[in-house]
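Step one of this worksheet: look at the structure below.
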Amino acid sequence: MLRIGALISGSGTNLTAIIDGCENRRIDGAVVFAGADNPSAAGLTKARARGVETFVVDYRRIIDEISAGALTAPEDFLLEDATTKQRLFSGRTDPADMRRFLVSRAAAEARLLDLIRPYSIDLLVLAGFMRTLTPYFIDRFSPDPLNPRIMNIHPALLPAFPGVDGYGDTWRYGCKVAGCTVHFIDYGEDTGPIIGQRAFDIDEGSSIEVLREKGLQMEWALYPHCIQLFAEGQLKVEETVFRLPSGKSYRRKRVRILPKKA
Ligand code: GAR
């Protein structure tokens, strides 16, 4: 049975769908904790009501303490290593801004790692967790890119519309199709290998609220399905290289879905 940890920031409806999936055996697993980056995440109350242990790592407070000089980076944080590996910012970002970001996130992530460690989880699911994890966390919790164990759900058909408002971005752009994506985490923002996607038509005249509601309902089915594929050992990340007609090559880690074991 898979030991699942969840990180949330908001209402926790995906978390609820995952807990339901474990209870009704669509997922061969159990959610052993729900952690949040802010104490007011409504999903914390939902988790506790379902008997799931919770904790908070107050990112806002940690970021403020770092800015005020009241907190420093973890001892094992290497700025150059994190800067080289991260793919959250382009070369145009002010190095001082990037440093502030990476230091404050490493401080928060060190606290997360301390709280997560005792649970000995197999899989960490980000369920509406509105913080990006940096190389500091990823290297310590999920160091092998070919055997990743952090999943995220994103409210758009990646690679379109990464970021904080996938459904809003899809709707404002005038897309005719919307959807959601479950993927493994890598060093970029919503760039990791894709596990599953669901799409639906956007009806003419449909509101953003309807789009969000439809999308969320698809998320509640897609996320448990992808977690169960992980539980069954059906997800294989492969490094693939394609030679393009131009002579250039395209390299990408992709997920192959293996047949279910008998
Ligand atoms: C979901 O739509 C999820 O896809 C999105 O936040 C919502 C959380 O809802 N996640 C992201 O945007 C991550 N970048 P929930 O708290 O009710 O599960």
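The values are calculated or read from the model by the stated rules, or taken from the named source; none is laboratory data. All values derive from a computational prediction rather than experimental measurement. As a convention, Cβ positions derive from the backbone with ideal geometry for all residues, glycine included, and neighbour counts pool all protein chains shown. The protein model used for the area step is the full one, side chains on, heavy atoms only, and it has no ligands, DNA or RNA in it. Shrake-Rupley method; radii C 1.70, N 1.55, O 1.52, S 1.80 Å.
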message = in contact with a Ser or Thr (Cβ under 9 Å, 6 or more places away or on another chain) and within 19 Å of Leu124 (Cβ to Cβ): is that true of Gly215 in this structure?
response = no
inquiry  = Being more than 14 Å from the ligand (Cβ to nearest atom) and small (Gly, Ala, Ser) is the filter here; which residues of region 165-189 pass it?
reply    = Gly174
request  = Answer yes if at least one residue in region 190-201 is touching a residue at least 12 places away in the same chain (Cβ under 8 Å), out of contact with any Ser or Thr (no Cβ under 9 Å at 6 or more places or on another chain), open to solvent by less than 30 Å² (accessible area, probe 1.4 Å) and within 13 Å of the ligand (Cβ to nearest atom), and no otherwise.
outcome  = yes
request  = Quick one: which residue in Arg87, Arg117, Arg92, Arg100 is touching a Gly at 6+ places or on another chain (Cβ under 8 Å), open to solvent by 40 Å² or more (accessible area, probe 1.4 Å) and either farther than 16 Å from Leu7 by Cα or not aromatic (Phe, Trp, Tyr) (or both)?
outcome  = Arg87
ask   = Just one of Glu239, Glu213 is surrounded by fewer than 15 Cβ atoms within 10 Å (Cβ to Cβ), part of a strand (DSSP E or B), at pLDDT 95 or above and charged (D, E, K, R); which is it?
value = Glu239
ask   = How many residues does region 242-251 hold that are open to solvent by less than 70 Å² (accessible area, probe 1.4 Å) and assigned to a strand (DSSP E or B)?
value = 1
task = Give region 130-164 a look and list any residue that's among the polar types (S, T, N, Q), surrounded by 16 or more Cβ atoms within 10 Å (Cβ to Cβ) and more than 16 Å from the ligand (Cβ to nearest atom), or say none.
result = Ser142
inquiry  = Out of the helices (runs of 4 or more DSSP H) lying entirely within region 1-71, which hold 2 or more residues that are more than 16 Å from the ligand (Cβ to nearest atom)?
reply    = 59-67
key: Selected residue [open to solvent by less than 60 Å² (accessible area, probe 1.4 Å), closer than 20 Å to Asp139 by Cβ and more than 17 Å from the chain's Cα centre (by Cα)] from Ala106, Ala110, Ala42, Ala47   = Ala110
task = Please enumerate the residues belonging to region 54-84 that are within 22 Å of the chain's Cα centre (by Cα), open to solvent by less than 30 Å² (accessible area, probe 1.4 Å) and farther than 20 Å from Asp186 by Cα.
result = Phe55, Val57, Tyr59, Ile62, Ile63
